[in-house]
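Below is one structure, written out as structure tokens, with a few remarks after it.
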Amino acid sequence: MMHMQQQYQQQKHLQSIHVETSTKEVQTSLTMEGIENLEKKATSCLEEKDVMLETLNAKVKETQNQLQKQSEQLAKCLAMNKSLLLEKSQQEKKLIRKASMENRLKLGQFNTQRQGAQFVESWKDGYAFTDIFRQQERLAQERDEIDRQKKLLTKRKPHLQGAQSNAKANSVPQLSAQAYYEQDEILKLRLQALKKEEADLQVELEKLERSRNLHIRELKRIHNEDLSRFKDNPVLHKRYLLLKLLGKGGFSEVHKGFDLEEQRYVACKIHQLNKDWKEDKKANYIKHALREYEIHKSLDHNRIVKLFDVFEIDSNSFCTVLEYCDGKDLDFYLKQTKLIPEKEARSIMIQTVRALQYLNERKPPIIHYDLKPGNILLSSGTTSGEIKITDFGLSKIMDEENFDHNEGGMDLTSQGAGTYWYLPPECFVVGKGPPKISSKVDVWSIGVIFYQCLYGKKPFGHNLSQASILEQNTILKATVVQFPSKPPVSQEAKDFVRRCLEYKKDNRIDVLRLARDPYLMPPSRKATPTNNSHTMMPPPSSSSSLSLSGS
Ligand code: AMP
């Protein structure tokens, strides 16, 4: 209807032009026929446009419908994605719990016992250990039996001629040389077989002990997961779906999560402030965490775990979202294997030092201050893959205003924090003012971690607690590093450790020189025209001996 009206109007308009032009004939060269043609053209042009407009309108509508459909489909995909993730997480949780229940019988469990008015938890090994202990007992009995028979046989040993009267006195019938030899050989072979069985059993026991450690860790994790307020897979900040508790620290829980927006796994570290803390303590904790966030979020390096996001959960908790590293940390790995081959340990050092180099080439440079196996994440879950360093909670910014060039360091304002086995002597010095520190703190930590990887124990205070290290001034006395004879380790590796564990920080190699250390260089770059092998290269700080006395 509208369309017809429009056409009528247009025709009237054209007629008026026609009348106008016909009255002003002298002003145009157009004939009536020409004008009519023009009229026709204009009309059909308008009609075409109308049709085009209609087609376009239809197309827009269709596209809008498609878009609507696609966004509905996307929403469905996301919902399905989320429910599949949840289902997978639930199934995994069930399987883990089932395996853990079975392991309680096999590997052991905590039992709560009453002792007077108190309940105490004690550990009881499972049947796999009882089996091994029984076998060990049987082997011990067999050994006793072989010893007894060996003694008997010795008494019946054929004597040299001069000793015969003595044998007669003992009245033990002697064996012929052939019979004695035969019996002796049998006993020797039995002993050999027994020793092999004992060694195999020992290997089995060690394997079982490692499984028990894993099982205990898993039991604790499950216990903490069940107590966590985030155990029911909530979605935080409208995008992070929590799937599983990875671990729990003093004031934080790390959950494996899934970022529904970016469609990737993440690690959500939830910092929980204690409700009973005074406001200034809470404020201090938040200040600290925000500093960590500020430092960490600006870092962009393939050997450093990326920090994606931070948000508040409620007035007492907030969450930092980190790049997810599938695989355990080096601390977990070392607890399993005790030590790792030098080649793999060296590869970890090369990668860690690369991260430190990045931290030191920044302006201002950053001291990590808490480098330890627990903060080195193994992306592949093994020590032969890529690593990433994490946890910048104690990091320090070495800005010009804080750095004293005469003293070669900045004030250590947080003395007492950190993990003492990995901190250098200067962090323990107590004097008038706070000690001066630099990024050489991280160099010392590198030396300790490398030593621990190579020998399966820490170089200083291995069996001591944090408190005992402080009480006994263990690190202040750490002037000399001792290398066990086993396992065999290359001289170059030992020299590298020595360079890192140089007692006085002024003599210790710095991070940038460490990054060029011959031990970490590719083989082709180790050889120089003057030094054909890298054992011949003078280590950067070899001039200072390790027997320097401590302050
Ligand atoms: P933390 O509280 O930092 O010691 O971490 C607790 C647990 O979470 C440890 O088992 C870590 O290996 C694990 N974890 C920490 N950060 C990450 C991450 N970015 N990706 C995967 N696991 C992590």
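Some points to look at:
- From the options Lys244, Lys269, residue that is within 16 Å of the ligand (Cβ to nearest atom), basic (Lys, Arg), buried (at least 19 other Cβ atoms within 10 Å of the Cβ) and more than 30 Å from Arg143 (Cα to Cα): Lys269
- Residue identified as closer than 30 Å to Tyr358 by Cβ and in contact with a Cys (Cβ under 7 Å, 6 or more places away or on another chain) among Gly447, Gly456: Gly447
- Filter result for the condition that a residue is modelled with pLDDT of 55 or more and either surrounded by 10 or more Cβ atoms within 10 Å (Cβ to Cβ) or touching a Cys at 6+ places or on another chain (Cβ under 6 Å) (or both), over Thr55, Thr21: Thr55
- Residues that are under 23 Å from Leu191 (Cβ atoms) and of a type in the set (A, V, I, L, M, F, W, C), drawn from region 100-152: Ile132, Phe133, Leu139, Ala140, Ile146, Leu152
- Restricting attention to region 251-265, the residues being in contact with a His (Cβ under 9 Å, 6 or more places away or on another chain) and surrounded by 16 or more Cβ atoms within 10 Å (Cβ to Cβ) number 2.
- Close contacts from region 251-266, counting a first residue that is part of a loop (DSSP other than H, G, I, E, B) and a second that is within 13 Å of the ligand (Cβ to nearest atom) and not acidic (Asp, Glu), with Cβ to Cβ under 9 Å and a gap of 6+ residues or different chains, come to Phe251/His271; Phe251/Gln272; Glu262/Phe308.
- When residues of region 280-318 are limited to those that are farther than 18 Å from Ala355 by Cβ and among the β-branched types (Val, Ile, Thr), the one surrounded by the fewest Cβ atoms within 10 Å (Cβ to Cβ): Ile286
- Filtering Asp125, Asp226 for residues that are surrounded by fewer than 12 Cβ atoms within 10 Å (Cβ to Cβ) and closer than 21 Å to Arg104 by Cα leaves a single hit, Asp226.
- Residues in region 182-213 that are charged (D, E, K, R) and either touching a strand residue (DSSP E or B) at 6+ places or on another chain (Cβ under 7 Å) or in contact (Cβ under 8 Å) with a residue 24 or more places away in the chain (or both): Asp184, Arg190, Glu197, Glu198, Glu204, Arg210, Arg212.
- 3 or more residues within 15 Å of the ligand (Cβ to nearest atom): qualifying strands (runs of 3 or more DSSP E) within region 312-416: 317-323, 376-378, 387-389
The values are calculated or read from the model by the stated rules, or taken from the named source; none is laboratory data. Values in this document were obtained by computation on a predicted structure and should not be read as measured data. Note: ideal-geometry Cβ built from the backbone for every residue, glycine included; neighbour counts use all protein chains shown.
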